[in-house]
Amino acid sequence: MKPSLTRRHFLRSSTALIALPALESLGFRRFASAAAPVAPPKRLIFLGFGWGITTESWFPDIKNPGSDYEIPAGLAPLARHKADFSIVQGLCNKYSNEGHWGSTMWLTGANRFAEPGQNFHNSISADQVAAAKLGLSTRFASLQLNGAENAEASGHGPGLSMAWDISGKPIGGQKGPVEAFHRLFSKDTTPIEQQKAMLAQKRSVLDTVLGNARAMQRGLGKNDTAKLDEYFQGIRDIETRLNKDEQWIGVPQPNAPLPEPQPGLAGREEIKIMYDIILAAIQTDSTRVLTYRQPVSTLLTSLGIKVAPHDMSHYHSTLGEKLDASQRRDLTQSELLSSFIDKLKSTRESDGSRLFDHVALAYGSNIRTEHNLDNCPTLLTGGGAGIKLGHSIVTPKDTPLCNAWLTLLHGVGVKAERHGDSSGVLKELLA
């Protein structure tokens, strides 16, 4: 018969009293699953395109909001996912006034004339707000992916990607699938000691430049002081990147879960493989925040459409060939997005849940059609932000688009007080 012992029994000596461990003989059992499983991380993805959509066949009927709406023709390929995405109408960036800029201010909501005497100003984009928190433990705080073509040809406007830093300066990105693949998965064969020496040299140069800049700061006028402040912010950004590089020295790149893309992919095939690369980046936890500035010009070419993308967006002027091009563009983009959602749903996390359930994805443009910047096309999907899905949502006219971004940020755990010109979270999106 086992002695009647409890967890309160102790080992005693003349000078000490030590609690017994959880011995099996005392009735305790060790369970492999005792520790709570780590929940999969949240991810945030923005997929943007220029030149807008075909208004008449992309938006659901505004008179029939809710979950019983009829899928419009332009979104027909997404019908199997109807319960898992929402279309939001009535959103806009009130300061936008450039009908050729589909993504420059899309994620920022900035007023380009906010700085007196300057004809261009931008602010931080929603992805970078998220990256400041979600990117702390990944190799890349965020990834910026671009179509392998001229951005203006696809109606995106100025910028090196869709991302803008805290100073409103453009952030560069990878152009096309091959660049994106190598950024994620190419092995760095440089010896570790040499990598450390190279980083130390960069820091030395940075310290020298920073010291000289601070010495210049005394006696400068207001405008020059402001410019120098921007310069210092740039230095801080470089320091952040160097810190990240140091953190990952000696940690090998993950094995690629897909083959290296063939060079020269364009249009439809490029978008398809870029979606696979985004999926791979998330699977390997290389990053948790991504933007993809999609091609439109090469997409049309890949579909055999000879109408210029800008002319296509002005389909109201002649209908016919331009309207057909616009509608075919919408259908192809919807087909590609639908296939991507299929893959997010079929990919499993370590705990067996769907990757889809931990991703918040926004798909759209700052341009509706022609030069119209009202009612920005906005499709939201993924379970990562806990928003209402399966609905056609109609907001009051000119509701800030940044309200949607603020809602997504809160949903993935980034509790920003406001973003851009936001007036609050989008209550219509709350589940």
Would you mind stating whether THR208 is assigned to a helix (DSSP H, G or I), modelled with pLDDT of 65 or more and loosely packed, with under 13 Cβ neighbours inside 10 Å? yes
When segment 50-76 is examined, which residues are found to be touching a Ser or Thr at 6+ places or on another chain (Cβ under 8 Å), buried (at least 19 other Cβ atoms within 10 Å of the Cβ) and not aliphatic (A, V, I, L, M)? GLY50, TRP51, GLY52, THR54, PRO60, TYR69, PRO72, GLY74
Within segment 264-350, which helices (runs of 4 or more DSSP H) (wholly inside it) include 3 or more residues that are touching a strand residue (DSSP E or B) at 6+ places or on another chain (Cβ under 8 Å) and closer than 24 Å to GLN174 by Cα? 268-283, 320-346
Return the residues of segment 271-309 that are within 17 Å of GLU260 (Cα to Cα), in contact with a Lys or Arg (Cβ under 9 Å, 6 or more places away or on another chain) and among the charged types (D, E, K, R); say none if nothing qualifies. ASP276
Being touching a residue at least 12 places away in the same chain (Cβ under 8 Å) and more than 17 Å from the chain's Cα centre (by Cα) is the filter here, so list the residues in segment 118-132 that pass it. PHE120, HIS121, ASN122
Does segment 244-259 contain any residue that is among the charged types (D, E, K, R), free of Cβ contacts under 8 Å to residues at least 60 places away in the same chain and not assigned by TED's automatic domain parsing to the domain that holds GLY176? yes
Determine whether segment 89-101 contains at least one residue that is in contact (Cβ under 8 Å) with a residue 12 or more places away in the chain, part of a loop (DSSP other than H, G, I, E, B), buried (at least 21 other Cβ atoms within 10 Å of the Cβ) and of a type in the set (Ser, Thr, Tyr). yes
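Each row is one residue, and each column tells you yes or no for (1) assigned to a loop (DSSP other than H, G, I, E, B); (2) touching a strand residue (DSSP E or B) at 6+ places or on another chain (Cβ under 9 Å); (3) assigned by TED's automatic domain parsing to the domain that holds GLU269.
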| residue | (1), (2), (3) |
| --- | --- |
| ASN111 | yes, no, yes |
| SER137 | yes, no, yes |
| ALA153 | no, no, yes |
| LEU160 | yes, yes, yes |
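The values are calculated or read from the model by the stated rules, or taken from the named source; none is laboratory data. Just so you know, these numbers come straight off a predicted model, no measurement behind them. All Cβ positions, even for glycine, are placed from backbone atoms using ideal geometry, and neighbour counts span all protein chains on display.
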